[in-house]
Amino acid sequence: MHVKLFIPGPTEVREDVLKEMSRPIIGHRTKDMSDLYERIHNNLQKFFNTQNEVMVFTASGTGMMEGSIRNTVQNDVLHLTNGSFSERWFEISKANGKNAEAIKYEWGKAAKTKDVEEKFKSMNYEGIALTHNETSTGVRTPIDDFSKLSHEYNSLLLVDAVSSLGGDLIDVNKADVIFAPTQKSFGLPPGLVIVFISPKAMEKARSVKSRGYYFDFISMKKYYDEKRQIPATPSISLFYALDYQLEKMIKEGMEARYRRHKQMASMVQKWASDNFALFAEPGYESVTVTTVSNSRNINVDEMNKALKARWMSISNGYGKLREKTFRIAHMGDITPTEIKELLETIDEIITVKP
C-alpha cells in the first residue's frame, strides 16, 4: 500500500498512468516524438475547446509564472495578490526587472474588478496577472469579468490556473495566457507545464525584448510549426503519461469532469462548514482544494500523522496559515467515494460528533 494523497499537489497518480511512463525512451528528434507531441497538442486544444496556441514545457508552474511575464510584458504589469502563490508571481515580475505593481488583498479574499478599474484610471498596464485558484487559501477568483476588463483597456489577461485547470470549468479563450502544471488537476506526476496563448499575446511576444531563451514563445511556436518538436529536450516519459491521460480526460468529458470535481468540493465544504469553518470568502470557494479554518484548534500535524497511519494524507496550512488552517484537495482522478472515506476517517481521528 501507499499513502493516498489528498494534498493540493502533487496529487494522487493512478497506477495505469504511472505504467505509461515505463515505456522505452525515444529520441526527441524523431518522427515518433513529433507524432507524440502533435497528438498531445491537438488533444489539449480539443479538450479545452480552443484554437489558441498550446505549448508544453518541461518545467513547474513557477517556471511559467516567469515565462508568461518574460514573453508578454516589456515594462508595466499589475498583479492581484491574495495568497502565497499570487504573491510569488508578483515577486517574480520584480525579479525580472518589470515595473510591477500589486493590488494586495487579505488572504482568503477574492480579487475584484472595481479595484483594477480604479488603478487603470491613472496607469495603463500591459498585463493583469491574476491567480484563478489560490492554492494556499482555497479562493477561486472568476476570470470572466477580468477578461472583459482587460479587453476594455487593451491589456493582456495573464492567468495562473495552476491548481484548477483540468478540474474546474474554465474557458481558456477568456485569458491571453493561462497555464497549469501537470501534478494537480491533470492527475499526473510533476514536471510539465501546459500554457495556452491567445493570438494577441503571441503578437505582443514578438515585440517584447529579452524574452529569455528557455520559455520563449516564439521559438517554441517555430519548432512546433516546422518540426512538431520542442527546442529543448522534453521529459519524454511524462509526455507518454500526458498523452495517455488526455485520452482518458476526453473520454470523461470536460463537463463531466467538472461535475465530479464540483461534487467532491461540495462534500468537503459541507463537512468543513459543519465541523470547522471555511477560510475562503463566501461565494469564492475553490472547486479543487478546500482550505479549512482550524476553528477547533486541533493539532493538524498530529491528525495528519494519524491519517498517514491509515494510508491517507492531507496538507497543513500553507506558510503563515500553518496550523491555523488545513487543506483537503479534491482534484485529478480522485473520486467522491474516496473523499467520503477520507472525511469519515478524519471524523474517527478527531472524534467529530454528527
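The values are calculated or read from the model by the stated rules, or taken from the named source; none is laboratory data. For clarity, every value in this text was computed on a predicted model and none was experimentally measured. Cβ: placed from backbone, ideal geometry, glycine included. Neighbour counts: every protein chain shown.
Per-structure values
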quantity	calculated
Failed condition for Ile328, given (1) surrounded by fewer than 21 Cβ atoms within 10 Å (Cβ to Cβ); (2) under 18 Å from Thr135 (Cα atoms); (3) not small (Gly, Ala, Ser)	(1)
Pairs, first more than 8 Å from Ser237 (Cα to Cα) in the range 18-36, second part of a loop (DSSP other than H, G, I, E, B) and among the small types (Gly, Ala, Ser), C-beta under 9 Å, six or more apart	His28/Ala232; Met33/Gly27
Lone qualifier among Lys112, Lys98, Lys119, Lys94 - being touching a Ser or Thr at 6+ places or on another chain (Cβ under 9 Å) and farther than 19 Å from His330 by Cβ	Lys112
Breaking point among (1) without any contact (Cβ under 8 Å) to a residue 40 or more places away in the chain; (2) surrounded by 13 or more Cβ atoms within 10 Å (Cβ to Cβ); (3) under 25 Å from Arg260 (Cβ atoms), for Glu323	(3)
Of the criteria (1) out of contact with any Ser or Thr (no Cβ under 6 Å at 6 or more places or on another chain); (2) buried (at least 17 other Cβ atoms within 10 Å of the Cβ), which one Phe276 fails	(1)
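One line per residue, one yes/no per condition, for (1) within 29 Å of Leu5 (Cβ to Cβ); (2) assigned to a loop (DSSP other than H, G, I, E, B); (3) at pLDDT 95 or above; (4) of a type in the set (S, T, N, Q):
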| site | (1), (2), (3), (4) |
| --- | --- |
| Phe179 | yes, no, yes, no |
| Gln183 | yes, yes, yes, yes |
| Phe186 | yes, yes, yes, no |
| Pro190 | yes, yes, yes, no |
| Val193 | yes, no, yes, no |
| Phe196 | yes, no, yes, no |
| Lys200 | no, no, yes, no |
| Glu203 | no, no, yes, no |
| Arg211 | no, yes, yes, no |
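Each row is one residue, and each column tells you yes or no for (1) at pLDDT 95 or above; (2) part of a helix (DSSP H, G or I); (3) under 30 Å from Ala256 (Cα atoms).
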site: Arg29; (1), (2), (3): yes, no, no
site: Asp32; (1), (2), (3): yes, yes, no
site: Asp35; (1), (2), (3): yes, yes, yes
site: His41; (1), (2), (3): yes, yes, yes
site: Gln51; (1), (2), (3): yes, no, yes
site: Met65; (1), (2), (3): yes, yes, yes
site: Gln74; (1), (2), (3): yes, no, no
